[in-house]
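Below: one structure, written as structure tokens.
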Amino acid sequence: MPEIMQYVPGTSLLHSLNPLPKLLMVVLVAVLAIASGSLFPLGLLVIAILLAAAAMRLAGPLVRQLPLLVSLTISLLLLTILTMQEGETIGYLVPASVPVIGGTFPITAGAVEFGLLLSLRFFAMLFAFQLLVITTMPHDLVHALQRLRLPADYALIFLVALRFIPSLQLEGQRIREAQLTRGYNPGKGVRGLVRTLAPIVVPLVSNSLGRANVLGLTIDLRGYRSSRQVSLRDRSLHRRDMAAIALLLGSSGLYLALCRATLPV
């Protein structure tokens, strides 16, 4: 099973950048995605992120998130269709040919557009955050957050969350394989899926609590809350970092101009 939210060693341009420009990239993408009010510029933003990742050979981790994002898109479309009745009716969830209940739950153009808009926003923000995580070592990211005057406790919480996601994923897979090796047969269908959760979740939560206790003691022993910290790496901004920041700001300005041009008069 491929790990998610895990640093991937490499020599791409994003790997060589300081974490600060990459943090700026995530913030700008989130702001631009939220500020976008139409599908065309937002779709271009998602495509631009994918093309940039493909050019640096980093598209693999992003593509692996597509099944999750497609299921999220379907859920958002169903939610907006059931809760919004704006625009022209283009169909019905229950076809009109069905007796008694046919022609219910109309599908409107406004609901579909808004659902796709929300989905593309999640696409853009998740892809940008994924690029940050897979190209930045966790301790470098923490130092960058501290350089931005973020309290050490909050930076540490962010680091622990990032490190725990792939660890819990791998441990859950191992527990599941161990249960299957012991002959546990939960059955098929929805009932089997529900019965599968308990033998995995209970030991996973128990092991996580034990690991959290050990991690807390380790953090205290290593003095992470101390105000005096020695950096063994040069984390100053170089010319390529300044060029990346200028490129991000310029691209954001062009994107905002495109958004204004595509707004209905």
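The values are calculated or read from the model by the stated rules, or taken from the named source; none is laboratory data. Values in this document were obtained by computation on a predicted structure and should not be read as measured data. Because the Cβ atoms are built from the backbone with ideal geometry, glycine has one as well, and the counts that use them run over all protein chains shown.
Summary table
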| quantity | calculated |
| --- | --- |
| Identity of the residue in segment 250-265, surrounded by fewer than 12 Cβ atoms within 10 Å (Cβ to Cβ) and of a type outside the set (Gly, Ala, Ser), that ends up nearest to Ala144 (Cα to Cα) | Leu254 |
| Failed item, numbered, when Pro199 is tested on (1) modelled with pLDDT under 70; (2) in a helix (DSSP H, G or I); (3) of a type outside the set (Asp, Glu) | (1) |
| Every pair of residues 6+ apart whose Cβ atoms lie under 7 Å, when the first sits in segment 110-125 and is crowded, with 17+ Cβ neighbours inside 10 Å while the second is among the polar types (S, T, N, Q) | Ala111/Thr80; Phe114/Thr80; Gly115/Thr80; Ser119/Thr73 |
| One residue from Leu66, Leu132 being closer than 30 Å to Val8 by Cα and buried (at least 16 other Cβ atoms within 10 Å of the Cβ) | Leu132 |
| From the options Leu68, Leu14, Leu32, Leu28, residue that is free of Cβ contacts under 8 Å to residues at least 24 places away in the same chain, hydrophobic (A, V, I, L, M, F, W, C) and assigned to a helix (DSSP H, G or I) | Leu68 |
